[in-house]
Every structure is written in structure tokens, then in C-alpha cells.
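Chemist: First the structure, then my questions, so here it is.
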Amino acid sequence: MPNRAHRPARLRLWPVVVLLVLAILSGCASTRSPNFQPAVASAHPLATEVGLDTLANGGNAFDAAVATAAVLGVVEPYSAGIGGGGFWLLQSSDGRTVFVDAREKAPSQAHATMYLDANGDVHPDKLSVNGPLAAGIPGQAAAFAHISNHYGRLPLSTTLGGAIAAANDGFAVDEHYRTLAQWRRAVLARYPAARRVYLRNGEVPETGTVLRQPALAGTLTELANHGFDGFYRGQVATRLIEDVTAAGGLWTEDDLAAYRVIERTPITIDYGPYRIWSAPPPSSGGIAMAQMFGMMTARPLTTLTNTGLLSNDNQPESPSAGTARLHYLTELMRRAYHDRALYLGDPDFTDVPVSRLLDASYLTRQAGTIRSARATPSDALEGDFSAGTHTTHLSVLDQDGNRVSATLSINLPFGSGFLSAQTGVLLNNEMDDFSIKPGTPNAYGLVGGEANKVEPGKRPLSSMSPTLMQGPERSAIIGTPGGSRIITMVYLGLLDLMSGESAANVVSAPRFHHQYLPDVIQHEPGFLEGELGDELTKLGHSLTDVGRAYGNMQLIVIDHQTGQTEAASDPRGIGRATVVTGQ
Ligand code: DON
């Protein structure tokens, strides 16, 4: 073995020189571990492509996430856009994790009874769903500016280039667009600008029709050139308020100028060897998942099956292991969604009892009420309300290991259906995520109370749950749209990941869901049929086939041993997941 210490100095130095040159060439002289195979998974191929280009052109995961999200807002007008908001979970390669809350805010003139008629009943026009009254003050543009300024490497003018081009050049209508536009056709036809841009002669455009959005391109250009002020102040803001006011909306220029994203601490969950980061209030996702994992720790499935009541071994009549697991998971979901309905809302307005809800002894008590061989009727859980594949997701990993999981929304397909003609901004209908009347279900059948009532400047409670997981063997970037079912989709996805499933299997696995009320297990067609369904019914569960597949999960999985990245886009959608190999 040659003695390294006695090598000529010139030879000893060359690796250092090479490393230094490489570091300078890549624009970063700090330590990097270029061990990651970058990947982008998003709900649309064009958006994924722009995200990958951004990485290839020197952007980091945060730039790529902004670029991808901006394109999604153009080519998926039914999902998310600068007229909406979202949640971004960012993790830098040194492990720092931050949650950017870009949720819409109720305008200053909003009030608790704004969606009720003179009798106190929900207004028959569904004002919280259709038209400009349904829209909260958007956060998406502020998120782009904030993330780009604070975490990106590239200027917003570069990052938004792909979205501006897509809005100017147009995109081709596909079957997915047609399905969602059909769903909202009547409301889109009601508003002249929406009718002109998204429909043809009042009808859903044929597949292949190219839809251009020049007004939106202009607004994105203002945002690209002037950052926050380009959207929330100045000519875009003035025109937006003109259009919204003329159509009967309540927004003011002050509401726009006062909008701010909020950086919050994510909810962290430790479950066995896994650490999970997810969305804090005003999302309900992180708390609900923390509760479900906490109850699993307090009372693992095996402690129920070991009673014999759920075990297959000694009781021929007892349900199968598969049924036992489904029963158990359903009961966890029911309890978490019960607390969601009762206690969760915008933490800046309502006192969310986070530590009590996540307290180990509370979760042990809650788990203790799970009966081994019988469903718990939801109305038997304490508390009452007398007092009170739209939406999108993207997951990004860059070569340094920076990660983004972002779920973005305008709520229902095409949001409120109202398009501002002058700015090309399609308004969200996120106000429907508030509890518009205690105990009255929203579009997702969710009920809520005081904690989530409408108040000026407040953020509506959300289920969006962008999530990161770190395990001993693999880590993951995961999320999906799907309204109230987002939380259970991500939760079931995490359980599958912990069982070692591949990314492709996780995103395509059949789905079921329980949300406390309505007191039914909702499931995708073809799942929970036959013996499994019969056994669950015998345990006292009611089953509802929701009639169509749901969710659009975008997942990236990193294998720590092999250094390989795996990415998968939900086969239920039209998205694309690409791993960059051979760098
Ligand atoms: O924030 C929420 O919980 C909802 N506005 C999300 C809507 C959604 O995921 C629609 N997707 N299919």
C-alpha cells in the first residue's frame, strides 16, 4: 500500500481542485451530496416536463415546484391556479422543513351567515359553491413569489416562463378536461369570460381543441416581473376587483394587498422507526394522521386480533384478517374525522387544542373505545354541533435532496366557475370549505361547527395534506387531491409504503374512506365486494360504493440503500412521474 502522506503534493491536491471547480461551476460552494436521482411527479405531463427542465437549467426543487405548479394552473384550469391557494411542504437537504400556508382567506366583508337565506337556511343558489361570492382571497401567486424569493435559485421571471408560454400558446383539451368541464358546464356557461375560454358555443370543447388564455398570460407576466405586487397591487389587482365587484363579489383592493402566506411548523409524527411531516392547521391532515398513528401505537391491530374476537384461528365465524384490518382502520378514521369536525379550524382564529388532541393518554382512551367485533356508530361518539380530481398535487426531488410536496386547489372543478375577463384569473370556491351552517355538510359531506365558521380574514379548514416520510430504508414525498378523502388516501399510502410496497403499487391501490359523518365506509367501485364487504357489514358497517375511482396521487420514493429514486403518478389521472437517471 503506498503511503498517502508521502505522495507528491501535486497529486494529493488534484482531487480537491477538481471538487472546487465542480462546486464553482454548479454555483454552490457548500457541501452537497449529489446522490439523489431527481424526480418530478405531477398531475399533467406538460407540468412535469417544465419541472424537469427547470431542474436541468440550474433550478432547485423549490424552483421546479413553482414552475410545475404554475403550469398546472394553466393546463389544469379545473384544479388549481393563481385564483386559488394551496399548501407547500418544503424540506431542504440539511433537513430543515417548513410548511408554507398559501390557503385562501375570507374577504374582509365575509360573515358567518353570508350563505344563508332570510330563514337561516342554506341559500338555494349555493352561493358558497358558484360565482364570485364563493371565492376566498387567493394565496397561490403569493406562494410563488415567497418560495421563489426565499428558497429558489432562479428569478420568478425564469420560473414562470413555462406557464406563460402554455397560457399564450394554449393546451389541448383531453378526456379528463372534458369530464370535469361537463360536471361544471352549467356554471361555466353562466359567466361570459369562462364560457368563452373554457367552452365552445356553451358546450364542452372536443378533445384536441386548443385553449389559449392570453389574459392569464398577461397576469402571470406581471407576477413574473413584479413578484407579489404584480398580482396583489397595481393594475392586476385593480382589474380583478373591477371584474369581481361587477359580478357581485365582496373582494376589496385592501383584501388583496393584505394577503400574506404564513410559514408554519409542520406536524411531525413519530411512528415506530418512521418520521412523518405533514400539514398543520388550517389543514386537518397532519393532526388526523397523527391521531391515527397515535391510536395505532396505543392499541396496535394485534391487540384486537389477540382477543380472539377478530382472529381467524379459533373462531370459524370470525372475520378474515383483511376484514379485521379494514374494520380497525375505519374505526381510527372515524375517530380522527370526529375530532376534525369538532375542533379544527384556522389556528389564527380559533383555539385548536393541538396538544390535547395529540396527547398520548387521550389517544389511548380513544383507541380503547374501538370494539373488536362491532362498528362504533358515529353518533355514539361524544360531541354535537348545536353550538356550533380537481385540486392537484406535485412532488419534487432535486439532486441535492431538497424536497417539495405541494397540494394546490381552487376546490371544486373549475372552482367557482367565475373567470375575471380582464385578468384571466379563475376564482376558487374555497369558501365552501367553511362550515356555512353548523351541522350542514359541505360539498364533501363534511360537517363542522364554530371552529370553522366564516369570519373575515379567516382561512377555511382544509384536508389538503402534502406529506414527507423518512424511514429506515426509504423516504417518500407524497400527496393527492380528493377533498375530504385526501387524508385517508395519504394515510393508507404511508401504511403501504411502510409495508414495502413499490411506488406504482401505492398510487394504484384500491381506496376506502370513513369520515365520521356520513357514517359509512366509502369505497371505490370493485373494492370491498364479496366476502370482505359481507364481513364488514356483519360487523355493523354500512358500505357505500362512491361510483368512481378517486384521488390523483403523485409519489416519489427514495431508497437509501441503492440510492435509487422511484416515482409514480396515479393511474386514475393523466399525470406523469419521471426520474432523471444517469446524471
Ligand atoms: O382544501 C380542501 O380540503 C379542499 N378544498 C380540497 C379539494 C379537493 O381536493 C378536490 N379534489 N378532488
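The values are calculated or read from the model by the stated rules, or taken from the named source; none is laboratory data. Since we're looking at a predicted model, the values are computed, not measured. Note that each Cβ is placed from the backbone with ideal geometry, even for glycine, and that neighbours are counted across all protein chains shown. All accessible areas refer to the heavy atoms of the entire protein, side chains included, with ligands and DNA or RNA removed. Shrake-Rupley method; radii C 1.70, N 1.55, O 1.52, S 1.80 Å.
Chemist: Here are 490, 520: which of them is under 17 Å from the mean Cα position of the chain (by Cα) and at pLDDT 95 or above?
Modeler: Residue meeting the stated conditions: 490.
Chemist: Of 219, 209, which residue is in contact with a helix residue (DSSP H, G or I) (Cβ under 6 Å, 6 or more places away or on another chain) and hydroxyl-bearing (Ser, Thr, Tyr)? Lay out the reasoning, then the answer.
Modeler: Values: 209 fails: in contact with a helix residue (DSSP H, G or I) (Cβ under 6 Å, 6 or more places away or on another chain).
Residue meeting the stated conditions: 219.
Chemist: Okay, moving on. Which one is farthest from the chain's Cα centre (by Cα), of the residues in the stretch 472-482 that are away from the ligand (no atom under 14 Å from the Cβ) and within 19 Å of residue 98 (Cα to Cα)?
Modeler: 475
Chemist: Return the residue satisfying two criteria in turn: it lies in the stretch 189-206 and is in contact with a helix residue (DSSP H, G or I) (Cβ under 6 Å, 6 or more places away or on another chain) and not in a helix (DSSP H, G or I), and of such residues it is surrounded by the most Cβ atoms within 10 Å (Cβ to Cβ).
Modeler: Checked the stretch 189-206; the qualifying residue surrounded by the most Cβ atoms within 10 Å (Cβ to Cβ) is 204.
Chemist: Among the residues in the stretch 521-534, are any within 16 Å of the ligand (Cβ to nearest atom) and not basic (Lys, Arg)?
Modeler: Within the stretch 521-534, one or more residues are within 16 Å of the ligand (Cβ to nearest atom) and not basic (Lys, Arg).
Chemist: How many residues does the stretch 84-128 hold that are assigned to a loop (DSSP other than H, G, I, E, B), crowded, with 22+ Cβ neighbours inside 10 Å and within 16 Å of the ligand (Cβ to nearest atom)? Before the answer, list the steps.
Modeler: At the first step, the residues of the stretch 84-128 found to be assigned to a loop (DSSP other than H, G, I, E, B) are 84, 92-96, 103-104, 106-115, 117-121, 123-128.
Add one more test, that the residue is crowded, with 22+ Cβ neighbours inside 10 Å, and what stays is 84, 103-104, 106-107, 110, 115, 127-128.
Next, only the ones that are within 16 Å of the ligand (Cβ to nearest atom) stay: 84, 103-104, 106, 115, 128.
Count: 6.
Chemist: Criterion first (open to solvent by less than 10 Å² (accessible area, probe 1.4 Å), farther than 26 Å from residue 210 by Cα and either within 16 Å of the ligand (Cβ to nearest atom) or part of a helix (DSSP H, G or I) (or both)) does residue 72 satisfy it?
Modeler: For residue 72, the condition - open to solvent by less than 10 Å² (accessible area, probe 1.4 Å), farther than 26 Å from residue 210 by Cα and either within 16 Å of the ligand (Cβ to nearest atom) or part of a helix (DSSP H, G or I) (or both) - is not met.
Chemist: Take residue 163 and tell me if it is surrounded by 18 or more Cβ atoms within 10 Å (Cβ to Cβ) and either in a helix (DSSP H, G or I) or among the small types (Gly, Ala, Ser) (or both).
Modeler: Numbers: surrounded by 18 or more Cβ atoms within 10 Å (Cβ to Cβ): yes; either in a helix (DSSP H, G or I) or among the small types (Gly, Ala, Ser) (or both): yes.
When the stated conditions are applied, residue 163 passes them.
Chemist: Could you list, in sequence order, all residues of the stretch 533-552 that are crowded, with 17+ Cβ neighbours inside 10 Å and out of contact with any Gly (no Cβ under 6 Å at 6 or more places or on another chain)?
Modeler: Within the stretch 533-552, 533, 535, 536, 539, 541, 549 qualify.
Chemist: Mind telling me which of the residues 485, 572 ends up being under 30 Å from residue 347 (Cβ atoms), among the charged types (D, E, K, R) and within 16 Å of the ligand (Cβ to nearest atom)?
Modeler: 485
Chemist: If you go through the stretch 427-452 one residue at a time, how many are away from the ligand (no atom under 14 Å from the Cβ) and either closer than 30 Å to residue 39 by Cα or polar (S, T, N, Q) (or both)?
Modeler: Count: 1.
Chemist: Could you look through the stretch 535-555, keep only residues that are in contact with a helix residue (DSSP H, G or I) (Cβ under 7 Å, 6 or more places away or on another chain) and away from the ligand (no atom under 16 Å from the Cβ), and pick out the one that is nearest to residue 504 (Cα to Cα)? Lay out the reasoning, then the answer.
Modeler: Step one: filter the stretch 535-555 for residues in contact with a helix residue (DSSP H, G or I) (Cβ under 7 Å, 6 or more places away or on another chain), giving 535-536, 539, 541, 543, 550-551, 553, 555.
Checking the rest, the ones that are also away from the ligand (no atom under 16 Å from the Cβ) come to 535-536, 539, 541, 543, 555.
Numbers: 535: 29, 536: 28, 539: 32, 541: 30, 543: 27, 555: 9 Å.
Once the filter is applied, the top-ranked residue is 555.
Chemist: Tally time: how many residues in the stretch 216-270 are hydroxyl-bearing (Ser, Thr, Tyr), under 28 Å from the mean Cα position of the chain (by Cα) and open to solvent by 40 Å² or more (accessible area, probe 1.4 Å)?
Modeler: Start the filter on the stretch 216-270 by keeping residues that are hydroxyl-bearing (Ser, Thr, Tyr), which leaves 219, 221, 232, 238, 245, 252, 259, 265, 268.
With under 28 Å from the mean Cα position of the chain (by Cα) added as a condition, the list becomes 219, 221, 232, 252, 259, 265, 268.
This time we only want the ones that are open to solvent by 40 Å² or more (accessible area, probe 1.4 Å), so: 221, 265, 268.
Going through the stretch 216-270 one residue at a time, the tally reaches 3.
Chemist: Also, quick follow-up: Which numbered condition trips up residue 168, out of (1) open to solvent by 40 Å² or more (accessible area, probe 1.4 Å); (2) part of a loop (DSSP other than H, G, I, E, B)?
Modeler: (2)
Chemist: Another question, then. Out of the residues in the stretch 171-188 that are surrounded by fewer than 16 Cβ atoms within 10 Å (Cβ to Cβ) and among the small types (Gly, Ala, Ser), state the one that is nearest to residue 79 (Cα to Cα).
Modeler: Once the filter is applied, the top-ranked residue is 172.
Chemist: Hey, which of the helices (runs of 4 or more DSSP H) in the stretch 317-426, taking only ones fully inside, have at least 3 residues that are within 16 Å of the ligand (Cβ to nearest atom) and either under 30 Å from residue 49 (Cα atoms) or at pLDDT 95 or above (or both)?
Modeler: The qualifying helices (runs of 4 or more DSSP H) are 321-343.
Chemist: Moving on. Do you know which residues across the stretch 488-520 are within 13 Å of the ligand (Cβ to nearest atom), under 24 Å from residue 380 (Cα atoms) and in contact with a strand residue (DSSP E or B) (Cβ under 7 Å, 6 or more places away or on another chain)?
Modeler: Within the stretch 488-520, 488, 513 qualify.
Chemist: Moving to a separate point now. Could you check the stretch 433-458 and list, in sequence order, the residues that are open to solvent by less than 10 Å² (accessible area, probe 1.4 Å) and within 18 Å of the chain's Cα centre (by Cα)?
Modeler: Of everything in the stretch 433-458, just one residue is open to solvent by less than 10 Å² (accessible area, probe 1.4 Å) and within 18 Å of the chain's Cα centre (by Cα), namely 434.
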